[in-house]
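Here the structure comes first, spelled out in structure tokens, and everything after it is commentary.
The values are calculated or read from the model by the stated rules, or taken from the named source; none is laboratory data. Source: prediction; values computed, not measured. We work out accessible area using only protein heavy atoms, side chains counted, and drop any ligands, DNA or RNA first. Shrake-Rupley method; radii C 1.70, N 1.55, O 1.52, S 1.80 Å.
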Amino acid sequence: MEKEVNRRIVVIWAEWSQYDVQLISELNLSKAGDSHHLQTIEVAAIKTMSDFEKVIPGIGNVWQTPAVGIWENEVLMFEGQGFNARQKLLSKF
């Protein structure tokens with residue numbers, strides 16, 4: 001019997017980016033929102049570069065949205081930003 005993966009996803013996105021808005025909409029419509037813990041944070045809530053690090057450890061300075069962290073069974077498996085992070089999320093869901 002395969003062990004179920006407990007996945008937590010954090011997406012820091014920009015409301016002014018049509019790509020980010022589309023991504024959030026797709027995640028909310030997909031099983032990502034139902035079967036996993038999905039947390040979305042609008043980038044305006046992030047006040048300093050170090051705040052990104054507090055939310056997604058290891059992300060460093062963020063220059064592009066979305067910033068994404070994916071945890072599986074409480075272990076950070078992916079952190080990234082921009083196009084690569086968007087593609088990673090879309091490939092998973």
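So which residue, out of Val75, Val43, Val62, gets the largest mean-square fluctuation from a GNM of the chain using Cα contacts under 10 Å as springs?
Val75
Kindly report, to the nearest 10 Å², the accessible surface of Thr48 as traced by a 1.4 Å probe over protein heavy atoms only.
Approximately 60 Å² of Thr48 is accessible to the 1.4 Å probe.
Please build a GNM for the chain, connecting alpha carbons under 10 Å apart, and tell me which residue among Val55, Val11, Val68 fluctuates the most.
Evaluated over the chain, the most mobile residue of the options is Val55.
Let me know the Rg and Dmax you get for the chain when you use only its Cα atoms, in Å.
Cα-based Rg and Dmax for the chain come out at 12.8, 45 Å.
Cross-link candidates for Lys92: which aspartates and glutamates have Cα within less than 20 Å, leaving aside residues fewer than 8 places away along the same chain?
Within reach: Glu2, Glu4, Asp20, Glu26, Asp34, Glu72, Glu74, Glu79.
Nearest 5 percent is fine: what portion of the DSSP beta bridges confined to the stretch 1-75 is antiparallel?
55 percent
Keeping the other protein chains in place, figure out the carbon and sulfur percent of the accessible area of the stretch 23-73, with a 1.4 Å probe.
Within the stretch 23-73, the accessible surface is 53 percent carbon and sulfur.
With a 1.4 Å probe and all protein chains in place, put Leu23, Leu29, Leu90, Leu38 in order of accessible area, largest first.
The residues order as Leu29, Leu90, Leu38, Leu23, largest area first.
In terms of solvent-accessible area of protein heavy atoms at a 1.4 angstrom probe, what is the ranking of Asp51, Asp20, highest value first?
Most to least solvent-accessible, the answer reads Asp51, Asp20.
Taking H as built 1.01 Å from N, whose amide H comes closer than 5 Å to the amide H of Ile41, not counting residues under 5 places away?
Val11, Ile12, Trp13
Quick check for you: with a 1.4 Å probe and neighbouring chains kept, what is the accessible area per residue of the chain, in Å²? Before the final figure, lay out each step's value.
Details: 5910 Å² over 93 residues.
Ligands and nucleic acids excluded, the result is 64 Å² per residue.
Arrange the residues Ser25, Ser91 by how much accessible surface each exposes, largest first, with a 1.4 angstrom probe.
Reading off the accessible areas and sorting them downward yields Ser91, Ser25.
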